[in-house]
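Below is one structure, written out as structure tokens, with a few remarks after it.
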Amino acid sequence: MMIQKLYNLFLKYRKISTDTRKDISDTLFFALSGENFNGNLFAPEALNKGAAFVIVDDESVIPESNEKYFLVDNVLNTLQSLAKFHREQFKIPVLGITGSNGKTTTKELVSVVLASEKNIVSTKGNLNNHIGVPLTLLEIDKSTEIAVIEMGANHPGEIKELCVLSQPTLGIITTIGKAHLEGFGSLENIINTKKALYESVQSVKGTVFVPAENELLMNLSENIQRITYGKQADVSGEIITESPSISIKWDNNHPVIIHTQLFGSYNFSNIMAAITAGNYFGISEPNIQNALTNFVPQNNRSQIMQTEHNTLILDAYNANPHSMSLAVEDFSKNNRPNKVIILGDMFEMGDQAKIEHQKIVDLISSKKFKQVILIGKEFSRCKVSASDNCFSTTEEAAYYLSCHPIKNANILIKGSRGMKLEVLTKLL
């Protein structure tokens, strides 16, 4: 009854807000709280800034006879329940995307392909958690033909929770690897968490899109209706060049060449996933081709940047052992000259941090790079080559680069978001 009453308000105002620092006029303001703040205390400010109603879970902040306060037991749970209720009003395809690596890039590629012909709602940026997914679901309206929902997780069971809210009819798991080990505890827990997307799609007799060369994902999807993509698959393609960006040939009854602006052969699978989704929804071949050709990566993900002095490959939004080793391998095979590699720590590795960082160092030592720069507390603890430059912080590395400028080089920059390696680009 409470959700129905709140839903009637939502149908009237149709906009949700959670941050008083943004434009919140005529919105429903959900007073979400965190570990270090009480969102209820911002309710008066939200009303002063034009919010239509505020949803709170602390009765003490509500003044007498104020009808613009909506009291609930738990603001976050209410936001999620509202989103689930809203989702249930629509019988549209919902494509859920998760994975240890590549989920955001895949979501972006899928979205640009589908948006070339369809009215879609998709996750903005990486708002893929227990708050971001409900907010995305609440953007669906009568004109929406497809919803593309990215789902992230750093603890066991989170994907299942997000599937309960979004009820996907289609699914993509890009990869399963050692990411957020600190929160998951083991690779087995990661597998069990991610495969919840397959199980949710299977429960509604939906379809999953599966990378054919990934043995684990092929096994997990064995009894589910699926379409495979990859080098030898239902939707097939191959890499024809990867220097500096990747170009592929898609075999769609006849060869289709797609030149992308993405670095790295590991993006082949992400590109093929987008082609597969486009095929499934009947997007025309020219529109698929144009969408992928014109897509420009943002937010420090596989970005190729040309500075006055160097060519940079900036892939510093996130990092885990699988994605970092792939980036190192790809960069080592790149036939461009004067290769420099700058790597920052991988976060959330838990008790595996020392082992996993040393593996990366050992991998680097087996390759031939003109210069190696390692940054972070974990890399500083590793046994490194005498010729490698190692710094505890990004600030230390920045000072070194300002004193020892690099010119006429091809430079890979890879690390976890918390390292903020993008600040180095202005020195390169």
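So which residues in the range 181-226 are polar (S, T, N, Q), modelled with pLDDT of 90 or more and loosely packed, with under 15 Cβ neighbours inside 10 Å?
Ser203, Asn219, Asn223, Gln225
Residues in the range 266-283 that are of a type in the set (Gly, Ala, Ser) and under 16 Å from the mean Cα position of the chain (by Cα): how many?
3
Given the condition part of a loop (DSSP other than H, G, I, E, B), among the acidic types (Asp, Glu) and either farther than 13 Å from Pro321 by Cβ or modelled with pLDDT of 95 or more (or both), answer yes or no: does some residue in the range 392-414 qualify?
No - not one qualifying residue is present in the range 392-414.
Could you please let me know if Lys383 is outside any loop (DSSP other than H, G, I, E, B) and more than 22 Å from Leu424 (Cβ to Cβ)?
no
Which ones in the range 231-243 are small (Gly, Ala, Ser) and either within 22 Å of the chain's Cα centre (by Cα) or not in a loop (DSSP other than H, G, I, E, B) (or both)?
Ser236, Gly237
Count, please, the residues in the range 125-136 that happen to be surrounded by 19 or more Cβ atoms within 10 Å (Cβ to Cβ) and under 24 Å from Met272 (Cα atoms). Lay out the reasoning, then the answer.
Keep residues of the range 125-136 that are surrounded by 19 or more Cβ atoms within 10 Å (Cβ to Cβ), which gives 128, 132-134, 136.
Now restrict to residues that are under 24 Å from Met272 (Cα atoms): 128.
The total comes to 1.
Does the range 137-159 hold any residues that are in a helix (DSSP H, G or I) and more than 19 Å from Ala273 (Cβ to Cβ), and which are they?
Taking the range 137-159 and keeping what is in a helix (DSSP H, G or I), we get 137, 158-159.
Those that are in a helix (DSSP H, G or I) and more than 19 Å from Ala273 (Cβ to Cβ): Leu137, Glu158.
Considering Lys359, Lys339, which residue is under 16 Å from Asn408 (Cα atoms), among the basic types (Lys, Arg) and modelled with pLDDT of 90 or more? Before the answer, list the steps.
On the way: Lys359 fails: under 16 Å from Asn408 (Cα atoms).
Residue meeting the stated conditions: Lys339.
Pairs under 9 Å by beta carbon, first residue under 19 Å from Asn267 (Cα atoms) and without any contact (Cβ under 8 Å) to a residue 40 or more places away in the chain in the range 321-341, partner in a strand (DSSP E or B) and hydrophobic (A, V, I, L, M, F, W, C), six or more apart or different chains?
Close Cβ pairs (under 9 Å, with a partner that is in a strand (DSSP E or B) and hydrophobic (A, V, I, L, M, F, W, C)) amount to Ser332/Ile341.
Under 8 Å between Cβ atoms, at least 6 apart or on separate chains: pull out the pairs that start in the range 217-236 with a residue that is closer than 18 Å to Thr106 by Cα and in the same structural domain as Met272 (by TED's automatic domain parsing) and end on any residue that is aliphatic (A, V, I, L, M) and at pLDDT below 95.
Leu217/Ile176
Only residues that are more than 19 Å from Gln225 (Cα to Cα) and either buried (at least 18 other Cβ atoms within 10 Å of the Cβ) or among the hydroxyl-bearing types (Ser, Thr, Tyr) (or both): list them for the range 162-173, please.
Leu162, Leu165, Ser166
Suppose the filter is surrounded by 16 or more Cβ atoms within 10 Å (Cβ to Cβ), among the polar types (S, T, N, Q), part of a helix (DSSP H, G or I) and more than 22 Å from the chain's Cα centre (by Cα); does Ser325 pass it? Steps first, please.
Numbers: surrounded by 16 or more Cβ atoms within 10 Å (Cβ to Cβ): yes; among the polar types (S, T, N, Q): yes; part of a helix (DSSP H, G or I): yes; more than 22 Å from the chain's Cα centre (by Cα): no.
Here the answer is no, as Ser325 does not meet what is asked.
Can you find even one residue in the range 220-228 that is assigned to a helix (DSSP H, G or I) and either farther than 20 Å from Gly102 by Cα or not basic (Lys, Arg) (or both)?
Looking through the range 220-228, at least one residue is assigned to a helix (DSSP H, G or I) and either farther than 20 Å from Gly102 by Cα or not basic (Lys, Arg) (or both).
May I ask you to list the residues in the range 186-230 that are within 21 Å of the chain's Cα centre (by Cα) and at positive phi?
Within the range 186-230, Gly230 is the sole residue that qualifies.
If you take the residues in the range 291-309 that are of a type outside the set (S, T, N, Q) and surrounded by 14 or more Cβ atoms within 10 Å (Cβ to Cβ), which one is nearest to Val112 (Cα to Cα)?
Ala291
If the requirement is being among the small types (Gly, Ala, Ser) and crowded, with 22+ Cβ neighbours inside 10 Å, which of these qualifies: Gly350, Gly278?
Being among the small types (Gly, Ala, Ser) and crowded, with 22+ Cβ neighbours inside 10 Å holds for just one of Gly350, Gly278, which is Gly278.
Out of Asn310, Asn290, I need the residue that is out of contact with any helix residue (DSSP H, G or I) (no Cβ under 6 Å at 6 or more places or on another chain), in the same structural domain as Phe268 (by TED's automatic domain parsing) and at pLDDT 90 or above. Which one?
Asn290
Of the conditions (1) modelled with pLDDT under 95; (2) under 24 Å from Ser203 (Cα atoms), Gly125 satisfies every one except a single condition; which number is it?
Single failed check for Gly125: (2).
The values are calculated or read from the model by the stated rules, or taken from the named source; none is laboratory data. Because the structure is a prediction, the values reported are computed rather than measured. All Cβ positions, even for glycine, are placed from backbone atoms using ideal geometry, and neighbour counts span all protein chains on display.
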